[in-house]
Structures are given as structure tokens and as C-alpha cells.
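Everything on this sheet refers to the single structure shown next.
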Amino acid sequence: MYGDQETVRRILTELGDTWAVVGLSNNRDRAAYGVAAVLQRFGKRVVPVHPKAETVHGEQGYPSLSAVPFQIDVVDVFVNSALAGQVADEAVAAGAQAVWFQLDVIDEAAYDRTRAAGLEMVMNRCPAIEIPRLG
């Protein structure tokens with residue numbers, strides 16, 4: 001299990017409210033769109049990170065994590081597992097406090113690197129499922 005319940009709780013409640021959602025676009029059929037809306041409902045600032053740099057849910061988008069001109073607390077990753085490790089490395093470089101790989105996004109080496117760099121990390125979980133469980 002990559003991310004015990006205490007780590008999930010800490011990321012969702014203690015590590016800050018600015019979440020970069022990598023892979024978020026205005027495509028309403030993609031899971032990232034709905035999850036970002038849930039994060040906003042629970043008080044998170046959602047920053048879209050996508051090559052198109054679209055404004056989504058009222059928030060300005062950026063083409064990459066390195067292009068975001070302010071501090072990101074958590075990086076929520078909606079790209080496939082083959083690309084996720086690079087995003088985790090970019091999150092470390094950007095000074096994020098945590099990385100969250102969505103359901104079915106798994107890269108064990110990236111998990112180990114990210115934890116070794118001192119960041120919290122959850123893998124193969126969804127914050128939109130976990131937030132309501134917090135009570």
C-alpha cells in the first residue's frame with residue numbers, strides 16, 4: 001500500500017491548500033475534471049497543469065509545473081504511469097510538500113525517489129474518494 005490512511009489524512013488536511021492537478025483540462029469526460037471540482041468544494045485551490053494551459057474551474061492553467069509562478073503544496077498526477085515519474089521529479093524540483101498519484105497511476109521507483117526527497121506521497125488512490133471519508 002503506497003500511502004497509509006494517516007498519510008492520506010495529513011496530505012488532505014495539513015499540507016496546504018494549493019493543489020496542482022497535472023493533466024487537468026476542460027475535457028469534462030476526464031476524471032481529472034470531476035476530481036478537481038471536488039477538491040475545490042473542499043476548499044482547495046486547484047491549479048491546472050496541462051500542455052494546453054487552459055483555464056479550468058476558474059483557475060489559470062500552466063503548461064508545466066515549472067511554469068507555475070507560486071508555491072504548490074500538493075501535486076495531483078493524472079497522467080499515465082509511464083509519465084508519472086517525471087512529474088514526481090518535477091514536483092520535488094518545484095518544492096511541493098506532497099505528490100498524489102491517482103488510481104491506476106503506479107511507479108514504485110518514483111514513489112521511492114519522492115519519499116527519499118522528503119515529500120509525502122500517496123499512489124493509486126483518489127482524493128475525491130478519500131476526502132469524504134475524513135468525516
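The values are calculated or read from the model by the stated rules, or taken from the named source; none is laboratory data. Quick caveat, the model's predicted, so the values are computed rather than measured. Reconstructed Cβ throughout: ideal geometry from the backbone, glycine too, with neighbour counts over all protein chains shown.
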*Please state which one of GLY16, GLY3 is of a type outside the set (A, V, I, L, M), farther than 19 Å from SER66 by Cβ, surrounded by 14 or more Cβ atoms within 10 Å (Cβ to Cβ) and at pLDDT below 95.*
GLY3
_Any residue at all in the stretch 87-95 that's farther than 22 Å from LEU39 by Cβ and assigned to a helix (DSSP H, G or I)?_
yes
*Does the stretch 111-122 contain at least one residue that is loosely packed, with under 15 Cβ neighbours inside 10 Å, in a loop (DSSP other than H, G, I, E, B) and in contact with a helix residue (DSSP H, G or I) (Cβ under 8 Å, 6 or more places away or on another chain)?*
no
_Candidate set: the stretch 19-31, residues that are among the charged types (D, E, K, R) and without any contact (Cβ under 8 Å) to a residue 12 or more places away in the chain; chosen: the one surrounded by the fewest Cβ atoms within 10 Å (Cβ to Cβ)_ = ASP29
*Here are some conditions: (1) within 14 Å of THR18 (Cβ to Cβ); (2) in contact (Cβ under 8 Å) with a residue 40 or more places away in the chain; (3) among the hydrophobic types (A, V, I, L, M, F, W, C). VAL49 meets all but one. Which one does it not meet?*
(2)
_Criterion violated by ASP107 - all others in (1) free of Cβ contacts under 8 Å to residues at least 60 places away in the same chain; (2) under 21 Å from LEU15 (Cα atoms) satisfied_ = (2)
_Among (1) without any contact (Cβ under 8 Å) to a residue 12 or more places away in the chain; (2) charged (D, E, K, R); (3) in contact with a Pro (Cβ under 7 Å, 6 or more places away or on another chain), the one test that ARG115 misses_ = (3)
